[in-house]
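Only one structure is covered here, and it is reproduced in the block below.
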Amino acid sequence: MSSGEFCPRCGDPVPERADPLPGEPRERDAVLCDDCYFEDFDLVDAPERIEVRVCSQCGAVHKGNRWVDVDADDYTDVAIDQVTEALGVHVNAEDIRWGIEPEQLDENTIRMHCTFGGVVRDTYREERVTVPVFIARQTCDRCGRIAGGYYASIVQVRADGRTPTNEEEARAVEIAESYVTEREETGDREAFISEIKETDDGTNIKISTNQMGGGVAKRIVRELGGHVKEYPTLVTEDSDGNEVYRVTYAVRLPKFTPGDVVAPADDDGPVLVRSVRGNLKGVRLTSGEAYEASFEEGETPDARKIGTTEDADETTVVTVEDERAIQVLDPETYESKTIARPSYVDDDAETVRVLKSREGLHILPDGAETDETGE
Ligand SMILES: [Zn+2]
Ligand SMILES: [Zn+2]
């Protein structure tokens with residue numbers, strides 16, 4: 001196009017403009033005079049209204065075609081973001097400046113007063129538009145699935161030959177919750193627990209994916225000992241014909257727990273259990289020596305439980321006889337009895353904590369009642 005000398009719309013003379021750079025498309029209206037050009041010029045292209053979909057359960061916001069977690073107490077900032085994204089400024093405007101003033105009309109309606117300024121054809125132009133924003137409260141897909149009790153795996157917390165202790169059950173739930181929270185914090189909206197249920201045999205935890213169920217079970221065993229078995233059940237086929245499995249992760253905590261006193265089959269005297277991670281470790285109550293089950297025996301050596309640290313009573317030392325013998329009062333009959341003296345009993349001990357069982361009377365080490373997690 002050669003220099004446009006007259007405006008094609010009104011016929012007024014038009015001052016010569018620089019031709020566009022090679023390759024740059026020429027705008028149709030570029031040949032108009034300023035008056036005709038600005039006659040139907042919109043600096044800002046704004047939608048008539050905007051709807052912000054938010055989840056009334058978890059507060060997630062629908063953006064694009066998916067739900068996203070946002071950290072917002074009210075949705076004004078979210079609404080401002082979405083209005084900003086929806087507004088278009090004319091491509092020819094330069095030095096653009098803008099501001100948005102929200103006006104909250106009611107809980108679900110915000111009026112956005114937007115002011116835009118920019119330089120077009122060397123002229124500063126300013127435009128105001130008002131965009132009403134409606135907050136639509138819905139239920140996101142994730143909350144819908146949680147409400148519907150959806151799950152893809154169950155972690156069953158059980159124990160070998162006993163029911164899990166309250167501490168073990170509480171810890172297992174904590175482990176599951178922190179595992180899932182970690183995943184949620186990375187933005188994974190597929191991560192959730194849909195049910196935690198206590199049964200007579202132990203706790204059942206329903207989790208959103210197989211992978212996370214497996215991860216939780218593994219972590220529970222790593223911390224509390226025991227082992228896991230997986231039982232997949234075919235539940236359905238998905239729309240592509242792939243088989244969909246639900247997996248039960250059966251956690252079996254060890255037969256013994258730290259704080260138990262057991263009598264191993266070797267008949268060398270009772271052992272206070274300190275740890276059941278990997279293999280059972282503890283201390284021999286007759287000598288004070290360390291006890292460790294062999295690798296083959298693992299966490300369940302051939303042993304009988306004869307009590308726990310909670311069954312112990314404090315009693316008086318009558319006399320320390322020598323390195324291997326001590327005389328104490330039987331806490332039930334108050335008779336003096338000479339029993340084995342483990343190495344952890346000091347020469348000047350005045351009282352000791354003893355466990356009375358069918359194996360006899362045995363002295364527990366100090367602090368045994370609090371050392372429940374020991375390694
Ligand atoms: Zn004109
Ligand atoms: Zn939600």
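The values are calculated or read from the model by the stated rules, or taken from the named source; none is laboratory data. None of the values given here were measured: they were computed from a predicted structure. Note that each Cβ is placed from the backbone with ideal geometry, even for glycine, and that neighbours are counted across all protein chains shown. Surface accessibility is based on the protein's heavy atoms, side chains included, excluding ligands, DNA and RNA. Shrake-Rupley method; radii C 1.70, N 1.55, O 1.52, S 1.80 Å.
Here r is the Cβ-Cβ distance between S336 and E182 and R0 is 51 Å; the resulting FRET efficiency, rounded to 0.05, is 0.35. Per the 1.4 Å probe, what fraction of the accessible area of the stretch 41-138, in percent, lies on carbon and sulfur atoms? The value for the stretch 41-138 is 39 percent carbon and sulfur by accessible area. Modelled label positions at E310 and C10, each set 7 Å beyond Cα in the direction of Cβ, lie 9.3 nm from each other. Using C-alpha pairs below 8 Å separated by at least 6 residues, the relative contact order for the chain is 9 percent. When both bridge partners sit in the stretch 149-253, DSSP labels roughly 75% of those beta bridges antiparallel. Residue by residue, the stretch 292-306 carries 3J(HN,Hα) couplings of 9, 5, 5, 4, 5, 6, x, 8, 10, x, 5, 7, 10, 7, 10 Hz when phi is fed to the Karplus relation 6.51 cos²θ - 1.76 cosθ + 1.60 (θ = phi - 60°); x denotes Gly or Pro.
Taking every protein chain into account, the 1.4 Å probe leaves E297 with about 80 Å² of accessible area, to the nearest ten. Largest first, the three principal axis extents of the alpha carbons in the chain are 124, 54, 46 Å in whole numbers. Amide H to amide H distances under 5 Å link I135 with V52, T109, I110, where only residues 5 or more positions off or on other chains count and H is placed in the peptide plane. Note on V251: accessible area is roughly 0 Å² with a 1.4 Å probe, heavy atoms of protein only. Dipole magnitude for the stretch 323-363: about 240 debye, using +1 per Lys or Arg Cβ and -1 per Asp or Glu Cβ, origin at the Cα centre.
For the chain, the longest principal axis of the alpha carbon atoms and the long axis of helix 166-185 meet at an angle near 20°. Mean-square fluctuations from a GNM of the chain, with a 10 angstrom spring cutoff on Cα atoms, peak among R222, R324, R284 at R324. Annotation for T109 and E27: the two label points, set 7 Å from Cα along the Cα-Cβ direction, are 3.6 nm apart. Taken per residue, the accessible surface of the chain reaches 57 Å², heavy atoms only and a 1.4 Å probe. Summing Lys and Arg as +1 and Asp and Glu as -1 over all other residues whose Cβ lies under 11 Å from the Cβ of S153 gives a net charge of +1. Ignoring lysines fewer than eight residues from K197 along the same chain, the ones with Cα atoms less than 30 angstrom from its Cα are K206, K218, K229, K255, K305.
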